[in-house]
Amino acid sequence: MSKAFNPQDFYFRRAKEQGFRARSAFKLEELQKRFRLLKPGQNVVDVGCAPGSFLQYAATIVGPEGKLVGFDIKSVANLGRANIVTYVADVLQDDLISLIKKSFSIADIIVSDIAPNTSGIKDVDHGRSIQLNRAIIAIASTVLRNGGNVVLKVFDGREFPVFLKELETMYELVKVVKPEASRDRSREVYVVCMRKKNLETKS
């Protein structure tokens with residue numbers, strides 16, 4: 001008897017065939033097709049970038065005129081593009097803003113596929129996921145241009161509605177998406193935050 005079609009196996013094989021380091025490239029690809037988040041020549045920040053598939057895909061859109069900087073607690077093997085720089089850094093402990101500004105003064109988009117080291121306790125893992133993503137949003141408040149976009153991976157849970165309301169005060173459009181390339185059993189969802197608001201108080 002033949003095996004039932006498994007979309008997760010499909011994305012794994014497709015990543016290998018197209019030279020992407022992980023299936024997650026297709027999550028960003030789906031979001032790009034739906035929302036047109038990335039554009040040629042943009043400055044891109046990727047938080048939680050290992051093994052590098054988001055950077056690989058984003059580089060195909062922003063092209064050689066764009067600049068990309070990635071961060072992860074794990075080192076990332078060279079991606080073979082002069083306009084990609086990666087750092088071993090922890091979003092909760094290290095000064096990512098200073099590192100970003102070594103590449104460019106302002107970012108057009110921040111993407112993240114970050115996830116905490118999981119404990120197997122859903123509420124704990126969810127809380128850690130929210131903590132990581134709040135740290136990313138704090139960075140965005142400084143380095144992301146007004147009108148810029150953010151893509152976050154979040155583990156769903158009881159704090160999620162409150163987190164969404166926080167995001168809605170900072171971005172004009174906030175959408176929750178479960179990409180087809182996500183594993184069925186995963187609690188992950190992606191939050192697309194579009195067009196950062198100008199919240200500076202006018203004197």
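Helical runs assigned H by DSSP (4 residues or longer) give the chain a calculated mean residue ellipticity at 222 nm of -10500 deg cm²/dmol, each run adding -39500 (n - 2.57) before division by the residue total. Dipole magnitude for the chain: computed about the Cα centre from +1 point charges on Lys and Arg Cβ and -1 point charges on Asp and Glu Cβ, it is near 420 debye.
What whole-number value in Å² describes the accessible area per residue of the range 85-203 for a 1.4 Å probe?
Numbers: 6230 Å² over 119 residues.
On a per-residue basis, the range 85-203 sits at 52 Å².
Whenever you get a sec, compute what percent of the accessible area on the chain sits on carbon and sulfur atoms (1.4 Å probe).
Numbers: 5260 of 10730 Å².
Using a 1.4 Å probe with all protein chains present, the chain comes out at 49 percent carbon and sulfur.
Amide H contacts of GLY70: ASP46, VAL85, THR86, TYR87, each under 5 Å away and 5 or more positions distant or on a separate chain (H built 1.01 Å from N in the peptide plane; Pro and chain starts excluded).
Compute the normalised compactness of the chain: alpha-carbon radius of gyration over 2.2 N^0.38 Å, N being the residue count. Write down the numbers at each step before the final one.
Details: Rg = 16.6 Å, N = 203, 2.2 N^0.38 = 16.6 Å.
My calculation over the Cα atoms of the chain gives 1.00.
Using θ = phi - 60° in the Karplus curve 6.51 cos²θ - 1.76 cosθ + 1.60, the 3J(HN,Hα) couplings for the range 71-76 round to 9, 7, 6, 9, 6, 10 Hz; x is entered for Gly and Pro. Extension gain, LEU173 to ASP94: 0.36 nm times the residue separation minus the Cα-Cα distance gives 25.5 nm. For ASP156 and VAL124, the difference between the fully extended length at 0.36 nm per residue and the C-alpha to C-alpha distance is 10.4 nm.
Give LYS74/LYS175; LYS101/LYS165; LYS74/LYS101; LYS102/LYS165; LYS67/LYS197; LYS102/LYS178 a once-over and call out the pairs whose C-alpha atoms are over 26 Å from each other.
Working: LYS74/LYS175 29 Å; LYS101/LYS165 29 Å; LYS74/LYS101 21 Å; LYS102/LYS165 32 Å; LYS67/LYS197 23 Å; LYS102/LYS178 34 Å.
The answer is LYS74/LYS175; LYS101/LYS165; LYS102/LYS165; LYS102/LYS178.
With a 1.4 Å probe rolled over the protein heavy atoms of all chains, the accessible area of SER186, SER129, SER75, SER119 falls in the order SER75, SER119, SER186, SER129, largest first.
Counting only heavy atoms of the protein chains and using a 1.4 Å probe, ILE137 has close to 10 Å² of accessible surface.
What translational D, rounded to a whole number of µm²/s, comes out for the range 122-186 from Stokes-Einstein when the hydrodynamic radius is the Kirkwood one over Cα pairs, at 37 °C and 0.692 mPa s? Value of D from the Cα-based Kirkwood radius: 254 µm²/s. Candidate cross-link partners of LYS27 among the aspartates and glutamates, defined by an alpha-carbon separation under 19 Å and a same-chain spacing of 8 or more, comprise ASP9, GLU17, ASP46, ASP72, ASP113, ASP156, GLU180, ASP184, GLU188.
The values are calculated or read from the model by the stated rules, or taken from the named source; none is laboratory data. What you see is a predicted model, and the numbers here were worked out from it, not measured in a lab. Backbone-built Cβ (ideal geometry, glycine too); neighbour counts: all protein chains shown. Note: accessible area is taken over every heavy atom of the protein model, side chains too, but ligands, DNA and RNA are not part of it. Shrake-Rupley method; radii C 1.70, N 1.55, O 1.52, S 1.80 Å.
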